[in-house]
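Data first, discussion second: the structure below is written as structure tokens.
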Amino acid sequence: MGKTLIKGGTVVTAVEKMEADVLVEDGKVVALLGREHSIDGDEVVDATGKLVIPGGVDVHTHMELPFGGTYAADTFETGTRAAAWGGTTSIIDFAVQTVGESAMDGWEAWMEKARGNCAIDYGFHMITGDINDQTLKEMELLVREGVTSFKMFMAYPGVFYSDDGQIVRAMQKAQEDGATICMHAENGIAIDVLAEQALDRGETDPYYHGVVRKSILEGEATHRAIKLAELTGVQLYIVHLSAHEALDEVIQARDRGQNVYAETCPQYLFLSLDNLGNGFDGAKYVCSPPLRDGAAGHQERLWQGLRTNDLQVVSTDHCPFCMGDHHAFGTQKQLGQGDFTKIPNGMPGVEERMRLIYNGGVAQGRIDVNRFVEITATTPAKMFGLYPKKGTIAVGSDADIVVLDPNGSHVISVDTHHMDVDYSAYEGWEMVGKIETVMSKGKVIVANDEYDGQPGDGEYLPRSTSQYTI
Ligand code: URP
Ligand code: ZN
Ligand code: ZN
């Protein structure tokens, strides 16, 4: 690979905006050059009038996750290719340990699924679904392999659920090893009671998924997770935060100086409980935590949290399931006809995160472009031990770079997206800003509306422990 010069653009990092050309060699950024220079590239990317930003880092995806009686529709191949189209150049997915299985075996199985198939670089968190003495030992081995964060569930009893005792044990171990606990904070035991009562009343439509998974139960679980983290001293990261009750808990903990962080996702910033109406069509929008009541002020609070850094990251929780049959995995959302509790939980999004947050955040004046880079690339990389290899444009960093035209536009549609799922949650939405060129480790993989990468371009990312503190 020769030298590539990205010329004429405005380079944006989390802290700077520079009129600079970017010189790339051997997959790395080797220089940021003022405009007056005499350096030529073997290849030139014309970025005149465009923004040159770090490739997105999406720290919450579920490619081919076995869940709800089927598998998430995107494989590592299709999902990472779609991510690349949308300007994301690294993901952290979730390997799974199920009950009775070794965590190490679970991680190796997910390594095998991803190996040779990914378009972009990838790392793993570990879902610890069965905390016991062996799992605790394996957590230490996993940290050595670069799996430095563990997801636990206060939701989904009988599936991934851990009780408070298991959570405390895992938190103690993670604290010892410098690892982070990622928490799905919803009180699943209480939710299951409300869900059963709703079904008994004949409330079977997808809408009731949003009704029974009350925001107060996200607030309660977030409070409990924070208190258990305080007890054990572990770094805590609340995943897919959707409710202002949960945000209040995070804010209070951070004000006390506790190492507590949280992400939200585009679906909570742009969609609401109303999307769950309209009969079974609402199944498209079934995810957990659910989309929240638009009149209750959750969205405004989430945007405010992003502005004040009480929320540090926007990830996708990409976990797509088809409305019709999937060509390989068969019946998906339809499994929940007549019983909303059987609808596989999850929504597609890995391809749309950068555009949605640029459009809804920067173009609509809620955040500036530096903050956009910070919450979509820089902080995710720091939070999960990938910085400065990923998440910035600096000498020595991987040349994962996106050229975004702020004057261009893009219409989101199932007809043009690249995710292997038969609907878009944002069908027909027009986005200001066009992702024009995507470079991964110095190789242009998306340009001129064409994809030029291949499965296996992406490599495993062993991660250090978190580089982000309060
Ligand atoms: O509905 C969701 N979020 N599905 C994916 C699994 C999870 O809880 O993150
Ligand atoms: Zn979750
Ligand atoms: Zn998830």
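Below 20 Å Cα-Cα, how many Lys pairs turn up in segment 55-371? Only count pairs eight or more apart in sequence, or on different chains, if you could.
Lysine pairs satisfying the spacing and distance rule in segment 55-371 number 11.
Listed highest first by mean packing, meaning other Cβ atoms within 10 Å per residue, what order do 341-352, 324-335 come in?
341-352, 324-335
Answer with one residue from Thr308, Leu335, Val234: the one whose Cα lies farthest towards the positive end of the charge dipole of segment 55-371, charges on Cβ with Lys, Arg +1 and Asp, Glu -1.
Most positive-ward Cα: Thr308.
Heavy-atom accessible area per residue, segment 227-294, 1.4 Å probe: how many Å²?
29 Å²
How far apart, in nm, are two points set 7 Å out from the Cα along the Cα-to-Cβ line at Glu101 and at Val411?
4.2 nm
What accessible area per residue comes out for segment 1-105, rounded to a whole number of Å², with a 1.4 Å probe?
Each residue of segment 1-105 exposes 35 Å² on average to a 1.4 Å probe.
Applying 1/(1 + (r/R0)^6) with R0 = 56 Å to the Cβ-Cβ distance of Ala394 and Val193, what FRET efficiency is obtained, to the nearest 0.05?
0.65
With a 1.4 Å probe and all protein chains left in place, how much of the accessible area of segment 276-373 comes from carbon and sulfur atoms, in whole percent?
Roughly 44 percent, rounded to a whole number.
Extension gain Tyr451-His327, at 0.36 nm per residue separation less the Cα-Cα distance, in nm?
42.4 nm
Compute for the chain: radius of gyration divided by Kirkwood radius, i.e. Rg/Rh, restricted to C-alpha atoms, rounded to two decimals.
0.96
Helix-only mean residue ellipticity at 222 nm, the chain, DSSP H runs n ≥ 4 weighted -39,500 (n - 2.57), per residue, nearest 500. What is it?
-8000 deg cm²/dmol
Between Asn309 and Asn278, with labels modelled 7 Å along Cα→Cβ, what's the label distance in nm to one decimal, could you check?
3.9 nm
Just subtract the alpha-carbon distance of Asp255 and Gln364 from 0.36 nm times their residue separation and send over the number in nm, one decimal.
Using 0.36 nm per residue and subtracting the Cα-Cα distance, I get 36.3 nm.
By per-residue mean of other Cβ atoms within 10 Å, what is the highest-first order of 6-15, 193-202, 86-95?
86-95, 6-15, 193-202
What ³J(HN,Hα) values, in whole Hz, does the Karplus curve 6.51 cos²θ - 1.76 cosθ + 1.60 give for segment 52-62 when θ = phi - 60°, with x put for Gly and Pro?
10, 10, x, x, x, 10, 9, 8, 8, 10, 9
If you place +1 on the Cβ of every Lys and Arg, -1 on the Cβ of every Asp and Glu, and leave all else neutral, what size is the dipole of the chain about its Cα centre, to the nearest 20 Debye?
It comes to approximately 960 debye.
Mind checking the full-extension length gain between Glu145 and Gln337? Use 0.36 nm per residue of separation minus the Cα-Cα distance, one decimal, nm.
64.9 nm
Could you give each residue of segment 453-470 its phi-based ³J(HN,Hα) in whole Hz, using Karplus coefficients 6.51, -1.76, 1.60 with θ = phi - 60°, and x for Gly or Pro?
Along segment 453-470, the couplings run x, 8, x, x, 4, x, 10, 5, 10, x, 10, 7, 5, 4, 10, 10, 10, 4 Hz.
Amide H of Met431 versus every other amide H placed in the peptide plane: which residues, excluding those fewer than 5 positions away on the same chain, fall under 5 Å?
His410, Val411, Ile412
If the cut-off is 14 Å between C-alpha atoms, which aspartates and glutamates fall inside it for Lys390, apart from same-chain ones fewer than 8 positions away?
Correct list for Lys390: Asp58, Asp121, Glu374, Asp398, Asp400, Glu459.
Quickly rank 70-81, 306-317, 227-238 as a protection proxy: mean count of other C-beta atoms within 10 Å, highest first.
70-81, 306-317, 227-238
Can you give me the C-alpha center-to-center distance between segment 163-214 and segment 221-298, rounded to a whole angstrom?
Each part reduced to its Cα centre gives a spacing of 12 Å.
The values are calculated or read from the model by the stated rules, or taken from the named source; none is laboratory data. Quick caveat, the model's predicted, so the values are computed rather than measured. Glycine gets a Cβ as well: all are built from the backbone with ideal geometry, and neighbour counts include every protein chain shown. Remember, those area values only see protein heavy atoms, side chains included, never the ligands or the DNA or RNA. Shrake-Rupley method; radii C 1.70, N 1.55, O 1.52, S 1.80 Å.
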